[in-house]
Amino acid sequence: MKRPARARSILTAYAIAAIVPFLGPASARAELPPLVPRAVFFGNPEKTAAQISPDGKQLSYLAPSSQGVLNVWVRTVSKSDDRMVTNDTKRGIRTHIWSRDNKHLLYMQDVGGNENFHLYSVDLASKDIKDLTPQEGVRASNVITDRNHPGEILVGLNIRDKRLFDMHRVNITTGESKLDTENPGDVLGWGTDPDFVIRVAIAQNPQDGSTILRVRDSAGAPWRDLITWSAEENGNFVDFSSDGKAGYVESSIGSDVTRLVKIDMATGKEIETLAVDPRSDVEGVMVEEAKHLPQAVSFNYLRTEWKILDPSVKEDFEKLTKVHAGDFSIVSGDDADRTWIVAYNVDDGPIPSYAYDRNTKKATFLFVNRPALLKAKLAKCEPVLIEARDGVKLPSYLTAPVGVPKKNLPLVLYVHGGPWGRDTWGYDGTAQWLANRGYAVLQVNFRASTGFGKKFLHLGDKQWGLTMQDDLSDAVKWAVREGIADPKRGAIMGGSYGGYATLAGLAFTPDLYACGVDIVGPSNLRTLLASIPPYWGPVRKTFELRMGEVDKDTLFNEKISPLFHVDGMKDPLLIGQGLNDPRVNVRESDQIAKALRAKGLPVDYIVYTDEGHGFARPENRLDFFGRTEIFLSKNIGGRSEPWAETPGASVEVR
């Protein structure tokens, strides 16, 4: 089975969206395409996340049940015997994988957004669903399967210590679990060798924030540190070679960006550089699992580009570039390496999935995730490089409305989360929804965003609310200078770090925006750090180095935390928060709302009682997006569709 290329980020942002009425002249209003309903963008997809079984005989995917809740469905390849095999009735299932025995599917689920994910197995014959990690208050992570050990999996569980994940070996059929490898206290993730033995650990030194590649020669052998990446460097382990004597790592040592490097597993010394792009870090590595051979590497500066390492896949990649427009990714493959599931990311349409037969070189269309979008006239996503005031180039994306001149438009600056993540080219439901309503949407990879090398990343160290915020301000000013944006009709919005940036924008540059939409954004960085989940403890040093020691330096914390700058805020604010958010505690939104109201400043505050760090349930998403639509309509103008409180949403207006 193919190991898909991995997306790279530390914290995830949650996609936020808004619809609003366009208050332009009648001629411009008439040129905009028809309104696309909110539910088309932000309701459940019709089908998504296709996976091929290890034997290549079955296809699984996510689709709504008759009650409108996302579940796992399975069908026999080349047949129409689609059947739902899970029975989630509340939050919906968002990720699933095949076990290697072809008899079970595995999926993760939490309760009310608390992120204590349990790992479940589904017996496809009996339809029996078993919780493989039933311990209360325990989170499952780092799930590993192996083609030569089809009846078992390895999974990280924080049973012994809520701060740490020990690896447990679990029998999929019986659910029997036993401790395999104990976490010594600093390990963030684990890896296995070709014999499915845990022989790799990625650890972090709590004193200096360095990352350590730790290995052992066998299950009973002592661990030893092989490579240390300082806090200024980036690195990660990819895989062993087939004989276990060499390994493949991503490493920035000796360059600004990460390279794919082959190393000696005995000494850690580099043998050769396999792939590098001077503009960007390694985005993902596609590994042929049976041979433990890297076949292709993707890089993403402005768009995804592939570098072929294995000549045997060269013709396949050439064929795939002609199947459909957009940037493709190989998301699944069978054990014979004959069938690949390929998804295409396009900027102005839904995501299509294909089954590609490597023997015949033919691609068979499976489905698009949101077929209603095929009828919509969507906008193009334009990569742009924006120069910050100090000359730093900011890779960014502009999505402008279709059918009207790209001039003097209301602007939404949509800020990504993390902040150690990034915006990418391709379909973005939020950007498309806003563009359909008449907005120009600007997404900026400000300094501290990942993927653009270590210098760009560390330019953001201790710069929350400072130069990181300046980058966002400079991007808005660029859009105004270019004549794209109306300087009096700008909004800032985002989730997680993007929510923080929204609050910071309204606090530090209130004249730049007319309003803001904050989703699960922290308002006081000291209280944010005080409430992070215990299992984030091993990466706390990263926060101190990159955010700053806000828990120790009161003056610095007050300088960059929006809560202490409400006197400078004047623009209307809409806040959305999940009650059970384990990352950004509800207190973060409570305290900024209270402080604003004490000053008589305008704030609308909505809490969803069965959500966490973002809104998983479509009822809650659509409710908040509808409220956002009204809010933006009132403050910066744009088109809208009718809205009423959504049935089934768990709304608490505070």
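The values are calculated or read from the model by the stated rules, or taken from the named source; none is laboratory data. Everything quoted here is computed from the prediction, not taken from an experiment. Cβ: placed from backbone, ideal geometry, glycine included. Neighbour counts: every protein chain shown. The protein model used for the area step is the full one, side chains on, heavy atoms only, and it has no ligands, DNA or RNA in it. Shrake-Rupley method; radii C 1.70, N 1.55, O 1.52, S 1.80 Å.
The table for this structure:
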| quantity | calculated |
| --- | --- |
| Accessible area per residue in Å² at 1.4 Å probe, computed on the chain | 38 Å² |
| R0 of 60 Å, Cβ-Cβ distance R160-K407: FRET efficiency to nearest 0.05 | 0.50 |
| Given charges at Cβ of Lys, Arg, Asp, Glu: the chain dipole, positive-most of T364, S255, N408 | N408 |
| The range 487-494 - phi-based ³J(HN,Hα) in whole Hz, Karplus 6.51/-1.76/1.60, Gly and Pro as x | x, 9, 10, x, 10, 10, 8, x |
| Estimated distance in nm for a label pair at A336 and F365, the labels positioned 7 Å out from Cα along Cα-to-Cβ | 2.6 nm |
| Cα shape, the range 82-221, gyration tensor, a/c 1.5 rule | oblate |
| Apportionment of accessible area to carbon and sulfur, the chain, percent (1.4 Å) | 51 percent |
| C-alpha long axis of helix 497-508 to longest principal axis of the chain, angle in ° | 30 degrees |
| Reported label for calculated Cα extents along the principal axes in Å given (1) 81, 55, 41; (2) 66, 58, 46; (3) 79, 58, 58 | (2) |
| Using θ = phi - 60° and Karplus 6.51 cos²θ - 1.76 cosθ + 1.60, couplings along the range 365-372 (whole Hz; Gly, Pro as x) | 5, 9, 5, 10, 6, 9, x, 4 |
| Nearest 10 degrees, 0 to 90: helix 314-323 Cα axis against the chain principal axis | 40 degrees |
| Cβ-based net charge around A400, under 10 Å, with every Lys or Arg adding one and every Asp or Glu removing one | +2 |
| Helix 618-635 axis, angle to the chain major axis (alpha carbon atoms, nearest 10°) | 30 degrees |
| Contour minus Cα-Cα distance for K178 and S255 (0.36 nm per residue) | 23.5 nm |
| Cross-link pairs beyond the 27 Å C-alpha cut-off, checked among K393/K599; K291/K319; K47/K79; K57/K361; K380/K477; K559/K594 | K393/K599 |
| Efficiency of FRET between K559 and A39 - r from beta-carbon atoms, R0 56 angstrom, step 0.05 | 0.85 |
| Nonlocal amide H pairs with Y605, under 5 Å, H built at 1.01 Å | I575, R654 |
| For a label point 7 Å along the Cα-to-beta-carbon line of H149, residues of the range 257-296 with backbone N under 16 Å | 290 |
| Calculated FRET efficiency for the pair S312/K262, C-beta based, R₀ 25 Å, to 0.05 | 0.85 |
| Listed residues L302, L394 arranged by accessible area, highest first, probe 1.4 Å | L302, L394 |
| Contour excess over end-to-end distance, with Cα ends at S78 and K127 and 0.36 nm allotted per residue | 15.4 nm |
| Positive minus negative residues near G426 (Lys, Arg vs Asp, Glu; Cβ under 9 Å) | -2 |
| Neighbour net charge for V415 - beta-carbon separation under 14 angstrom, K R +1, D E -1 | -4 |
